[in-house]
Amino acid sequence: MTHPLLDLPPLTADRFAAIERRVAALLDTEQDVVIAQGEALLPLEGCIRSGARPGSTALNVVTGPYGQTFGDWLRDCGTTVVDLEVPFHTAVTAGEIAGALERNPEIDFVSLVHAEAATGNTNPVAEIGEVVRAHGALFHLDAVASIGAEPVRPDAWGVDLCVIGAQKAMGGPAGVSAVSVSTRAWERFAANPAAPRRSYLSLLDWKERWIDGGRKALPHAPAQLEMLALEACLERIEAEGLDVLMARHASAAAATRAGVLALGGGLEPYVYDAKDAAPVATTLRTPAGVDASGLVAAALAADPSLPLAAGGGALAKEMVRVNHYGTDADREVVESSVAALGTALGRLTGAAVDVAGARRAVTEAWA
Ligand SMILES: *Cc1c(COP(=O)(O)O)cnc(C)c1O
């Protein structure tokens, strides 16, 4: 018996290259795009281990848990790391980056997370890119939580390494990811004796075996099902239009914020200023004494399909995440999420909550 997921013809090099071109179009980039055969942490680690030279100095911007992980990898590479930590309720500014670069002129690598689904903030990459370019450092960007939800423009912003994954706003698979690599970044990798080679983490292997060979022969069997899912996801985005997809995410974030503000009961947007809030997911701060994981559990008991989660680690006490991305960037999903949180909050604390007012605010803000 044949099975639709199992008995597939091999994925050809031509088809693989065509999927790469569609990713390049999504990023509006002329840089080389490599589709990594694993979740986004694979190219993120590959970029850092290839670009960070032992004995060099890197600026690592920490606006959430991913930045913390990247700092650990950088240190592991023998790089001196200047951590620029920003409170999770706000974004980093280009001025703060410029200050760090002025104080540490030896910095030659800058790592930044564009948007963090885990903390709900987003950083002004266009302005930061200008500062990093003027300094001359290589610019590494984790755009996993921004691609599809807000503009990501590696060429226009001077990003040398731009990593994306399809599992958030793109509504696609988690098992493959992609990175655009500038000429400068390839040169840096090639000059770095510590850059992974003949390794699953190696981007240079993909350059030598795949790109420089004219994309004729794949270096190893690709993650076929995930590649097909990525192709389907790109087709769906092209059919909807990237602008429409991004507008849906912007509406979801604005509507969640407006709904929560109208709700009352002490629940508040975690990110103070709406301009610093990521379109991919909205984080909320629970009122003093209300455990966020308990509140989420109560809301999910009423409707387990809602995209609600408590923050990770210590944030589970005080942060609720509304993960309104992909197909959940939807007015009804947002309205139901805010209403379920409001109802659960009223029940747990006895606080006055205006669920009907919150529903109206969601609808008004969506338009
Ligand atoms: C989601 C996300 C990733 C991918 O990590 P997962 O834990 O596998 O989802 C990487 N970087 C950022 C900023 C993300 O939000």
Springs between alpha-carbon atoms under 10 Å, Gaussian network over the chain: tell me which of THR119, THR283, THR80 tops the mean-square fluctuations. THR80
Please give the peptides 290-297, 350-357 ranked by average Cβ packing (other Cβ atoms within 10 Å per residue), highest first, as a rough proxy for protection. 290-297, 350-357
Tell me the angle of helix 41-51 to the major Cα principal axis of the chain, expressed in degrees between 0 and 90 and rounded to the nearest ten. 50 degrees
Test of the criteria: in segment 3-73, which GluC sites (Glu not before Pro) are in a DSSP loop and have at most 12 other Cβ atoms within 10 angstrom of their Cβ? GLU30
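Please report, in debye to the nearest 20, how large the charge dipole of segment 269-350 is about its Cα centre when each Lys and Arg carries +1 at its beta carbon and each Asp and Glu carries -1 there.
Values: 6 positive and 9 negative charges, 42 e Å.
Result for segment 269-350 is approximately 200 debye, rounded to the nearest 20.
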From the Cα trace of the chain, what convex hull volume per residue do you get, rounded to a whole Å³? 141 Å³
Charges at C-beta only: +1 for Lys and Arg, -1 for Asp and Glu. How large is the resulting dipole of the chain about its Cα centre, in Debye rounded to 20? 340 debye
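With a 1.4 Å probe and all protein chains left in place, how much accessible area per residue does segment 13-239 have, in Å²?
It amounts to 36 Å² per residue over segment 13-239.
With an 8 Å cut-off on Cα pairs and a minimum separation of 6 or more residues, tell me the relative contact order of segment 236-341 in percent.
This gives 28 percent for segment 236-341.
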Count the net charge of all other residues whose Cβ sits under 14 Å from the Cβ of GLN31, scoring Lys and Arg as +1 and Asp and Glu as -1. -2
Would you mind telling me which residue in LYS317, LYS216, LYS168 has the biggest mean-square fluctuation in a Gaussian network model of the chain, where springs connect alpha carbons within a distance under 10 angstrom? LYS216
CD proxy, 222 nm, the chain: helix-only mean residue ellipticity via -39,500 (n - 2.57) per DSSP H run with n ≥ 4, per residue, nearest 500, stands at -13000 deg cm²/dmol
Model label zone, THR12; criterion: amide N under 13 Å from point 7 Å along Cα-to-beta-carbon; scope segment 210-251: 216-217
Nearest-0.05 FRET efficiency for ALA190 and ALA232 at R0 = 30 Å, using Cβ-Cβ distance, is 0.30
Percent carbon-and-sulfur accessible area, the chain, ignoring ligands, DNA and RNA, probe 1.4 Å: 54 percent
Roughly how many Å² is the accessible area per residue of segment 242-366, as a whole number, for a 1.4 Å probe? 41 Å²
Name the most mobile residue of LEU263, LEU11, LEU138, meaning the one with the largest mean-square fluctuation, in a Gaussian network model of the chain with Cα contacts below 10 Å. LEU11
Of the DSSP beta bridges with both residues in segment 13-239, give the percent that are antiparallel, rounding to the nearest 5. 40 percent
Along segment 215-225, Karplus-curve 3J(HN,Hα) (6.51, -1.76, 1.60; θ = phi - 60°) to the nearest Hz, with x for Gly and Pro, reads 6, 9, 9, 6, x, 7, 4, x, 6, 4, 5
Can you tell me the relative contact order of the chain? Whole percent, Cα pairs under 8 Å, sequence separation 6 or more. 17 percent
Can you give me the Cα centroid spacing of segment 352-367 and segment 33-70 in angstrom? 40 Å
With x for Gly and Pro, the residue-by-residue ³J(HN,Hα) of segment 230-235, computed from phi through the Karplus equation 6.51 cos²θ - 1.76 cosθ + 1.60 at θ = phi - 60° and given in whole Hz, is 5, 4, 5, 5, 5, 4
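The values are calculated or read from the model by the stated rules, or taken from the named source; none is laboratory data. Quick caveat, the model's predicted, so the values are computed rather than measured. All Cβ positions, glycine included, derive from the backbone under ideal geometry; neighbour counts span all protein chains shown. Just so you know, the surface numbers come from the protein's heavy atoms only, side chains and all, with ligands and any DNA or RNA stripped out. Shrake-Rupley method; radii C 1.70, N 1.55, O 1.52, S 1.80 Å.
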